[in-house]
1. Whole-Hz Karplus ³J(HN,Hα) for region 80-87, in order, using 6.51 cos²θ - 1.76 cosθ + 1.60 and θ = phi - 60°, x for Gly and Pro?
2. Please turn the phi angles of region 49-54 into ³J(HN,Hα) values with the Karplus equation 6.51 cos²θ - 1.76 cosθ + 1.60 (θ = phi - 60°), one per residue in order, whole Hz, x for glycine and proline.
3. Report the calculated FRET efficiency for Leu86 and Arg63 (r = Cβ-Cβ distance, R0 = 25 Å), to the nearest 0.05.
Amino acid sequence: MRNLFRKYFELTFWITALVLLAIMPTATNPHYSFCVFKLMGFKFCPGCGLGHSISYLFHGDLRASFSTHPLGIFAVIVILLRLYNLFRLQILIKHNYGI
């Protein structure tokens with residue numbers, strides 16, 4: 001079980017993060033956040049607004065996404081590329097080793 005957790009941790013983490021950001025309410029409560037730093041009481045975070053930017057992007061509001069954090073679209077592209085590579089790696093491992 002421990003090896004299974006290690007093997008799929010990053011893949012599960014990124015999928016869960018994207019799903020949570022996709023279902024995060026944007027219009028009803030704009031101050032809602034999953035930011036660990038904000039929850040701990042820190043006032044400054046360089047990624048402040050990135051989660052909201054991704055959420056707006058998933059809800060189809062490109063203007064709000066870019067105004068909240070200009071790197072939101074880029075972050076989604078990077079995360080999706082990482083997910084693609086993780087899926088590809090798992091398929092290659094299963095194909096080459098028959099696991």
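1. 5, 5, 5, 4, 4, 5, 5, 4
2. x, 5, x, 5, 4, 5
3. 0.20
Coordinate-derived values only; no laboratory data. Please read all numbers here as calculations on a predicted model, not as lab measurements. Because the Cβ atoms are built from the backbone with ideal geometry, glycine has one as well, and the counts that use them run over all protein chains shown.
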